[in-house]
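Worksheet for the structure shown next.
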Amino acid sequence: MTPIDDADRPARRLRAEQRTAAGIRVVSLHGEIDHNVKDLLRDALDPYDARPARIVADLGGVTFLDSSGITVFIAAHQQIVDAGGWLRIAAPQEAVREVLRLVTVDTVIACFPSLDQALSG
């Protein structure tokens, strides 16, 4: 796994690591996603030059998600889809899954209960 560094940002509460599985970039997130870490999340979901990008955001280690994070997920999803790729969300914990459901992100971005299911999608 390759960590996405955020050494310049104070009091970072989110850690992002990435790896590739079957040609799909898996971004594993750990911690809390709020306004203070939205730039790290945006960087982690950036499709880079891979077109079309296929990205799974593994939220198994995320304990909190606020509107800032939701905004980043929606913007990343739109950017990736516009370029012919896709973004999927995998393994959100119950509290995060409830937020995704309440704001209907799960109707815009495909959400899967496990990483394996998201990869095989």
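Residues in the range 70-105 that are without any contact (Cβ under 8 Å) to a residue 12 or more places away in the chain and in a helix (DSSP H, G or I) were compared, and the one that is surrounded by the fewest Cβ atoms within 10 Å (Cβ to Cβ) is E94.
Considering the range 40-58, the residues that are over 16 Å from V96 (Cβ atoms) and among the charged types (D, E, K, R) include one that is least open to solvent (accessible area, probe 1.4 Å), namely D46.
Quick check: anything in the range 9-26 within 18 Å of V108 (Cβ to Cβ), modelled with pLDDT of 95 or more and surrounded by 22 or more Cβ atoms within 10 Å (Cβ to Cβ)? No, there is no match, as no residue in the range 9-26 is within 18 Å of V108 (Cβ to Cβ), modelled with pLDDT of 95 or more and surrounded by 22 or more Cβ atoms within 10 Å (Cβ to Cβ). If the condition is being within 17 Å of V108 (Cβ to Cβ) and in contact (Cβ under 8 Å) with a residue 40 or more places away in the chain, then the range 27-69 contributes L45, V56.
The values are calculated or read from the model by the stated rules, or taken from the named source; none is laboratory data. Treat the numbers as computed from the prediction; the structure is a model and nothing was measured. So basically every Cβ, Gly included, is an ideal-geometry build from the backbone, and we count neighbours across all protein chains shown. The protein model used for the area step is the full one, side chains on, heavy atoms only, and it has no ligands, DNA or RNA in it. Shrake-Rupley method; radii C 1.70, N 1.55, O 1.52, S 1.80 Å.
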